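Asks: For reference, the structure I am asking about is given below.
The values are calculated or read from the model by the stated rules, or taken from the named source; none is laboratory data. Because the structure is predicted, anything quoted here is derived from the model rather than measured. We place every Cβ from the backbone using ideal geometry, glycine too, and count neighbours over all the protein chains shown. Please note that ligands, DNA and RNA were not included when accessible areas were found on the heavy atoms of the full protein model with its side chains. Shrake-Rupley method; radii C 1.70, N 1.55, O 1.52, S 1.80 Å.
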Amino acid sequence: MPNKSASTVLDPAEEKVKVEVEELKRDISQSTTKLEKYKIIYNKKAESEFFVDNSALAGFTGERILYMAIRELIENSLDSCESFSILPSIKISLKIFDQSNDLWMLTCEDNGTGINSDKLPIAVCSFLTSAKYMEKQQRGLFGVGLKMVAAFSTKDTDFPIKVWNKSIDEQDEYYFELRTDIGTNKPIVLSKKLLLKQHSRIQDTSGFRIEVILRAKLVPITKNKIYEYVSETSIVNPYSSITFETDDGIFQFNRRTSIMPNPAQEILPHPSDMDLKTLKKAISKFQTQKMSLPKILSSSFQKLSYEKAKDIVTNTGLSLKTPTGDFSEHDLIKIVNICKKTKFQNPNTDHLSPIGREVLTIGMMSEYTIVSNKGNDITGVTATATAEKPVLHDTDLNPQGTDDTVTASTFESAQNEKPTPTPFKNNLSKSNFSVKVLKPVLTTYTSRTCVINNRPTVVETGLAYGGDIPSFKLYRFANKIPLLYDEGSDVAREVISEVEINKMGITKKQAKEQFSVNKESKKDRVIEVLPLHIFFHICSTKIPYKTAGKESIASEGELKYYMKSCLSELYRKLSTQIRKELKLKEAENKIRLYKHYLPFIVDSINESLGSKNSKLNESFSRLIENHLSKKPQIDVGDASSADSTLPVQASHKMDLADIDLEPDIQDTKDTTDTKDTDIQDTKDTRGTKETKETKETNDTRQTQKTKDTKVAAFSKPNLNKLERKKKDNKKVDLSLSGKLSKVDPTRNVTKNKKPKNANKKLIIKEKDITNKKNKSPTVKTSVNRTKMNKSFNKPQNQSKTKEVQSTIDSYSKRVNKGKKK
Amino acid sequence: MSTAKKQEFVTIIKRIMRKISDDVIKQNQMPILDLPKIGYDNTVWSDEKRMLTTGDKKIEVSPDSVKKIPTFAQYLVMANAVKKLLDEDMESTIRGMYYATLSNVGDGKNRQKFWTGQEDSDNAIKAVELLTGIPREEFSVTSKPKGMISGPIKLRVGGDIIDCNLGSRATSQLIPTNMGDVQIDDVKADFVMVVEKDTVLNNIRKSGFIQKYNAILLTGSGEPDRATRMMVKILNEQWKKPVVVFADADPWGLGIALRYKIGSESLSYDSERLVTPNAQVLGMMFSDIYQYNIPEVARLTASDEDINRANDMKKKPWMQNKQWQKELNLFLNKKEKCELDAFFKHGFKYLSETYLPQKLRMVGLI
C-alpha cells in the first residue's frame, strides 16, 4: 500500500501545509483587521481649509474677527495705492446688517490699482496667492488676509462677496459675486459683469470695492480697538483720506499732506542671507540660459560683483567649467558656507519705505483720534465744533513756512477734493463718538538705520508733546501697521522704561509734582504722567514679531539699543520745551499761592490799623495782578516769534515764566542788576554763536550718524533724507537761538556800579555825619520819623544809607538812655 | 516798659502799615519796604570804630513779584504780631513769635507753610527791627537767656534786684535778655573777665577767683546772645571796667572771642549797641598750647574747616596785628587746637590759679 502509505506519508505533510495555509489565512485576516483598526489616512488639506481651521494663525480669533477684517482690508488698500504712489482715499464702512444673527456688513473702497479682472477671483479667494511675494516692505506679505475675510464670509453666511473692480491695466469696471470653495482653495464665481458707465461704482481711474457680510459679535473692547486702529492708521498715513462709516456716525480723517514716502523697491537678496533654498532658486531661474555660476550669483544677489562671486566659487574648490546644473547640493552648500563667512557691504534700504520725518511730523502735528464722549453732554453744538475742527486745522497746520510750499498746496487740494464735512452734524449728534484733532505743542523725530536679522531695519521714532495731548500714550507701528495688542510685552515698553526721564533735563520728582493730574496717582512709570505721545515705527522685511499674531515686537539683536538711542535723542530734544513748561507750571503754582498770601498782608494791615478798609483787599489784588500781567508782556512778542517752529499754544501763559526769572530778593538791587546784564551779554552772544556753530557741526554730525548706522547712505532716497534732516536741524537751531536771545529789556538798567573800596570809604564818611547828628539826644525820634516817611519813596539812592545808619545809631542811643535812667 | 514807649512803638508800626495802605489805595502804587542788607556781603569793617558795620547795600521788599510776595507778607504779619504783643503788654521769645504766626498757605494742591522754619520768622523779626528802628528786646521779643554773670554787681530789673555777688561761690546768675529794662548798680569789680563756656566759668568761680581778684565773670555759653554782648559793652564803656576775653585755642573759639570785640556779620546793623572794641582777647592763644605744655593727648587735630577758617581770618583787616598773624601762622603750621578745659589736665586749679593770673598779670590787670 504504497499509495496508502504514500498517502499516509503524504498526509501529514499535506495536513501540515493545510494547517499552515489556514494559519496564514488566519494571520492575514487578523492583520487586515489590525490594519483597519490602525488605519492612518494621509490626506492633503487645501490651504483654505487649513487657514480656516487655524484662523488664529492669521489673528482671526473670536472677538477680533471684525478688527482683523477691517485691518486687512485697509492694509490691502493702502498697499495697493502706495505701490503706484497714488494718494489713498479709502472709504470703510462697518454697519450692523442683521442684529438678531450678529451679521455685519463690511465695505471697503479705495482708489488703488485694483486687480486684473482675470486674476481677481483668485486674488480674493485663494489662499497663498499674492502679488506681494517679494523682498520689499509691504503691509501684507502672505496672501492670507483678504482670503480669510472671504472664507469667513463664506463659512458663516450664505451671502456672496461683492466686488467692484477697476484695474489700472484695464479700462472697464467689473462687478463680481464670489464665494470661496474652502475645500479646494478655489474661488466660486457666482457672477461676473462688465459694468456700464451709468452703473459704475468707482469714480477714480482705478479702484477696488469689496462688500462682505461677516458673522461676529462686536464687544466694546474690539470696537475701541477698531476705532483706535483707524485713528492710528491716519496718523502714520497722513497723506491718505479715510472715511469711516459706522453706526456711531461717519468719521472723517482728512488728508493733511500730499507728500508720500518713497515707495519700496523690490531688491535682490543679500548674500549674507543666502541659504540652499535661495541659491537653488537663483540657479533654476537661469537654467535655460547657459551662464556660469559666478554670473548667476552676481545677478541674483545684491552687493556681489562678478569678481567677488568668482573668488567665492574658486575658494570652494569647485570648477568654474562645470555646468551649473551639475552642481550637487553638497557643492552648493560650500558656497553658502563661504558666503556666511565673507564680509559684504551692508544691504540696500531701497526696499524699505519708512514714513519719513516730514510725513510723520505732519501726522503727529494733527492726531486724528476718535474719542468717546462718555458724558451725555454731546449736543449739536459740540458736534459741529468737532466736525469743523479738521477744516480749521488744515489751514493753520504747520505754520513754520520754511519748506511748506508743498504742504500748503496740498491743503488746498485736499479741501477742494473733500467737501467740508458738515453732514456729520446730524450723525454725530446722536452718537457718543466724535473725531478730535490733537495738536501738540512740539513734535520731534529721529531715526536710525540698522541691521537686524541680516535685514536692514529702519527705526523711526517721534514724539508729540503738550498742547491738546491729554496724557501719555505709546504708539507702535511695524511697516506702517499700528500694533494695538500685547503692548506690555513689546520691546518699545522696555525701551521706555529703560530710558531715564532725566534725559529731558527734569527729575522724576519734578515730573511727578508738576505734571501728575492728581498727586495720589500711582503710576509706577514717571514718564506716564507727562502729556506725551511716543511713536515707534520699525520697518523691515523681517520684523522680529514675538508671536504669530504679529502684535508685539521682540527685542532682537541690537534693535533695542537703536530704539533706546532714538528715544534718548528725542528726550533731549524735548528738554528745552519741557523745562520751559516746568517753569510755567511752577510759576503758575506760585501765582496761585501768592493769592493766598494777600489775605495775610491785608489782615495784618487792617489789624494793625484797627480798621477794616474793605477797599484795601480789592485795590491790592488789582494792583498786584496788573503789575504781574503788565510787566512781562514785553516778552510775549519775542517768545512767540522765537518759537516759530512750535505752534504757540499758550502765549498768554508766557508771562508767568518770566515772573519766575525775577531777581532773588536776597540779592540787593545793584548786584542783581549787574549780574543780570552780565548774563544777558553772554546769552546774546551765545545765542548767535550757537546757531552758527550748530549749523556747522550738524553737517559733520550728520555724516557721522550715517556712518554709524552701518548702512551706506549712497542710495538716492537716503540722500534726500539727508537733505531733509539738515533742513529740520536748521529749524531747531533757529528756535533755539531765539529762545536764548530772549531777555527782558526792562532789566537792562545798570546803576550803582561802584567799586567796593569806594563804598567802604563812603560809609565811614556817612557814619561820621550821623554820629555828629546823634550827639544831640533830641534828634532821636525825629530821625526815626523822617526815616519812616522817606523810606517809602522809591527814588532815593545814597540818602537811604544815612537814614538806616542813623536808625542803627538811634538804638544805641536809646539803650544808653535806658541805662542812665 | 513804660506805656509811653510802648505807645510810641505801636505808632511806628501803625505808620508803616498806614503808608502801605495809602500807597495801595490812594496812590495806586507798589508799596516798598526798604531795608539794609544784612549778611556777609554787606558787612564792612570800620577802622575808625574798630567794629563790623553794615554796608550800604539795600533790599527792597515789595509785592511786585511772585517771589517777593511771601516775604512781604511775612514782614507785615510779623510787624502785626509785634504790635499785638505790645498791645497785650506781653513778652515773647523769638520762638514764641514763630509759633504765634505759624500757619499754612494755599489750598489742597499747592500748600506750603507760611514759615519754612524758625529761621524765616527770625529773619522777619530782624526785618521788623530794621523797619521800625527798634531793637527787638525793646518790644519784648527776646531769646532764651544764655549769658551768665557772677561777681560784685547788682542788676535792677523792674523792681527786683539781682545780686550777682554770691558769697557761696555756688552759682551764677542768668543775664536777663531784656537788657533795655535792666539797670546796673554797684559795680565794685576791678575788671570783667569773659570766658567762652559756662563749664569753665563754673570752675573759675568755684576756685574763689572772683573774691581773690575782685573780678566779674561773664560767659555767653558759646555764641553770646545780644544781652551778654550788651552787658559787656555797658560794663566797659559806662562803668569803665577793662574787659578781657578767654576762649578756646581754635578758630571757632577765637571767632567767639571776637564777637565781643568786633561784632558779627549777622548783627552788623546793631554793632554800635553790642560791640566792645576795647575788650582784650587774652587767650587761649595757640602759642599757649606749647608754652603751658598742654600734653599731646589733650590737643585736638584741626579739621579742614578750622584750617579754612583760620586762612580766612588771616586776611581780615582786624587780624592784621603782628601777634595775631603769628598766632594764626602757628596754628596753620601745627594744625593743632586746644580747649580751655585742657588745663584741667594739669590739675583742677591750674586754670584759675596759674594760667589766668599769669595772663592777667601780663596786661597789668592784677
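Asks: If ligands, DNA and RNA are left out, what is the accessible area of A:Ile338 with a 1.4 Å probe, given in Å² to the nearest 10?
Replies: Rounded to the nearest 10, that gives 40 Å².
Asks: Using a 1.4 angstrom probe and counting only protein chains, how large is the accessible area of A:Ile362 in Å², to 10?
Replies: That residue has around 0 Å² of solvent-accessible surface.
Asks: Could you give the nm distance between label points at A:Thr342 and B:Leu330, where each point is 7 Å from its Cα heading toward the beta carbon?
Replies: 8.9
Asks: Is there a simple number for the mean count of other chain Cβ atoms within 10 Å of the Cβ of residues in B:271-284, and what is it?
Replies: Details: counts 2, 12, 9, 3, 1, 0, 0, 0, 0, 0, 0, 0, 0, 0.
Average neighbour count from other chains, rounded to a whole number: 2.
Asks: Taking all protein chains in place and a 1.4 Å probe, what share, in percent, of the accessible surface of the range B:254-366 do carbon and sulfur account for?
Replies: On the range B:254-366, the fraction of accessible area on carbon and sulfur atoms equals 46 percent.
Asks: Another question, then. Karplus couplings for the range A:452-460 from phi (6.51 cos²θ - 1.76 cosθ + 1.60, θ = phi - 60°), rounded to Hz, Gly and Pro as x?
Replies: Values per residue, Gly and Pro as x: 10, 6, 6, 10, x, 9, 10, 9, 10 Hz.
Asks: Please work out whether the range A:271-341 counts as rounded, prolate or oblate from its C-alpha gyration tensor, where a ≥ b ≥ c are the square roots of the eigenvalues and a/c under 1.5 means rounded, while otherwise a/b larger than b/c means prolate and anything else oblate?
Replies: Rounded.
Asks: Can I ask one more? Non-local amide H neighbours of B:Phe191 (under 5 Å, H modeled in plane, Pro and chain starts lacking H): which ones?
Replies: B:Ile216
Asks: Please identify the trypsin sites (Lys or Arg not before Pro) of the range A:258-304 that satisfy two criteria: DSSP loop assignment and at most 12 other Cβ atoms within 10 Å. Which are they?
Replies: A:Lys290
Asks: Loop only per DSSP, at most 10 neighbouring Cβ atoms within 10 Å: give me the trypsin sites (Lys or Arg not before Pro) in the range B:205-300, ordered by residue number.
Replies: B:Lys240
Asks: Additional query: For A:Tyr133, A:Tyr445, write out the residues from largest to smallest accessible area, computed with a 1.4 angstrom probe and no ligands counted.
Replies: A:Tyr133, A:Tyr445
Asks: OK, next. Over the whole of B:28-35, what's the average partner chain Cβ count within 10 Å per residue? Rounded to a whole number, please.
Replies: The shielding value for this peptide is 5.
Asks: Show the residues, 5+ positions off or on another chain, whose built amide H is closer than 5 Å to the amide H of A:Glu245.
Replies: Close amide H contacts, sequence-distant or interchain: A:Ile92, A:Ser93, A:Leu94, A:Phe251.
Asks: How big is the antiparallel share of DSSP beta bridges in the range B:50-186, given as a percent to the nearest 5?
Replies: Of the beta bridges lying entirely in the range B:50-186, close to 85 percent run antiparallel.
Asks: Students often get this wrong, so check it: of B:Lys14/B:Lys233; A:Lys186/A:Lys281; A:Lys225/A:Lys281; A:Lys223/A:Lys439; A:Lys508/A:Lys564; B:Lys322/B:Lys359, which have C-alpha atoms separated by over 30 Å?
Replies: B:Lys14/B:Lys233; A:Lys225/A:Lys281
Asks: Could I ask something else about it? Sequence gap at least 6, Cα distance under 8 Å: using those rules, report the relative contact order of chain B to the nearest whole percent.
Replies: Details: 593 pairs, mean separation 50.2, N = 366.
14 percent.
Asks: A follow-up question, please. Pop out the ³J(HN,Hα) list for the range A:99-106 in order, Karplus 6.51 cos²θ - 1.76 cosθ + 1.60 with θ = phi - 60°, rounded to Hz; leave Gly and Pro as x.
Replies: Karplus values, whole Hz, x for Gly and Pro: 4, 5, 9, 6, 9, 10, 9, 10.
Asks: Give the ranking of A:Trp104, B:Trp239, B:Trp252 by solvent-accessible surface, highest area first, calculated with a 1.4 Å probe.
Replies: Numbers: A:Trp104 30, B:Trp239 85, B:Trp252 120 Å².
Final ranking, largest accessible area leading: B:Trp252, B:Trp239, A:Trp104.
Asks: If you take every DSSP beta bridge fully contained in the range B:148-362, what fraction is antiparallel? Give it as a percent rounded to 5.
Replies: Percentage antiparallel, nearest 5: 55.
Asks: Per residue of B:71-80, what is the mean number of Cβ atoms on other protein chains within 10 angstrom of that residue's Cβ?
Replies: Counting other chains' Cβ atoms within 10 Å and averaging over B:71-80 gives 5.
Asks: Given a 1.4 Å probe and the protein chains all in place, what does the accessible area of A:Met563 round to, in Å² to the nearest 10?
Replies: Answer for A:Met563: close to 0 Å² accessible.
Asks: Between B:His346 and A:Ser372, what is the label-point separation in nm under the 7 Å Cα-to-beta-carbon projection?
Replies: Each label point is offset 7 Å from its Cα along the Cβ direction, giving 9.1 nm.
Asks: Tell me which residues come under 5 Å, amide H to amide H, from B:Thr43 once H is placed; ignore anything under 5 positions away on its chain.
Replies: Distant-sequence amide H within range of B:Thr43: B:Gly55.
Asks: So, one more: B:Thr3 to B:Lys113: FRET efficiency via 1/(1 + (r/R0)^6), r the Cβ-Cβ distance, R0 41 Å, to the nearest 0.05?
Replies: Rounded to the nearest 0.05, the efficiency is 0.70.
Asks: Quote the FRET efficiency, to the nearest 0.05, computed for A:Ser319 versus A:Thr288 with a Förster distance R0 of 25 Å and r equal to the Cβ-Cβ distance.
Replies: Here the calculated transfer efficiency is 0.70.
Asks: Pop out the ³J(HN,Hα) list for the range A:527-537 in order, Karplus 6.51 cos²θ - 1.76 cosθ + 1.60 with θ = phi - 60°, rounded to Hz; leave Gly and Pro as x.
Replies: Here the 3J(HN,Hα) series is 4, 6, 7, 7, x, 9, 10, 10, 10, 10, 10 Hz.
Asks: With a 1.4 Å probe, what is the total accessible area buried between chains B and A, in Å² rounded to the nearest 100?
Replies: Summing both chains' loss of accessible area gives about 7200 Å².
Asks: Spin-label point model (7 Å from Cα, Cβ direction): what's the B:Asp87 to A:Asp118 distance in nm?
Replies: Roughly 10.5 nm, to one decimal.
Asks: I've got another one for you. Holding the Cα-Cα limit at 23 Å, pick out from A:Lys277/A:Lys310; A:Lys95/A:Lys192; A:Lys132/A:Lys280; A:Lys91/A:Lys155; B:Lys5/B:Lys241 the pairs that are longer than that.
Replies: On the way: A:Lys277/A:Lys310 20 Å; A:Lys95/A:Lys192 26 Å; A:Lys132/A:Lys280 21 Å; A:Lys91/A:Lys155 25 Å; B:Lys5/B:Lys241 30 Å.
Flagged as over cut-off: A:Lys95/A:Lys192; A:Lys91/A:Lys155; B:Lys5/B:Lys241.
Asks: Now for a separate question. If the chain between B:Asp185 and B:Glu353 were fully stretched, how many nm would it gain, using 0.36 nm times the residue separation less the Cα-Cα distance?
Replies: So the chain would gain 57.6 nm between B:Asp185 and B:Glu353.
Asks: How far is helix B:226-237 tilted off the main Cα axis of chain B, in degrees rounded to 10, range 0 to 90?
Replies: 60
Asks: Right, something else. Going by average Cβ density within 10 Å per residue, which order do the peptides A:612-619, B:68-75, B:37-44, A:91-98 take, highest to lowest?
Replies: Values: A:612-619: 14.5, B:68-75: 23.6, B:37-44: 18.2, A:91-98: 16.5.
Result, highest mean first: B:68-75, B:37-44, A:91-98, A:612-619.
Asks: Within 10 Å, count the other beta carbons around each residue, average over each peptide in A:304-317, A:247-260, and list them highest first.
Replies: A:247-260, A:304-317
Asks: Quick one: if you take sqrt(5λ) for each eigenvalue of the C-alpha gyration tensor of the range A:49-218, what semi-axes come out, biggest first, whole angstrom?
Replies: Details: eigenvalues 106, 68, 50 Å².
Working through the eigenvalues yields semi-axes of 23, 18, 16 Å.
Asks: Okay, moving on. Just to make sure I understand: if all protein chains stay in place, what is the order of B:Phe348, B:Phe114 by accessible area at 1.4 Å, largest first? Spell out each step's value before the answer.
Replies: On the way: B:Phe348 155, B:Phe114 0 Å².
Putting B:Phe348, B:Phe114 in descending order of accessible area: B:Phe348, B:Phe114.
Asks: Now for a different question. Rounded to whole Å, give me the distance from the Cα center of the range B:99-159 to that of the range B:299-358.
Replies: So the separation of the two Cα centres works out to 34 Å.
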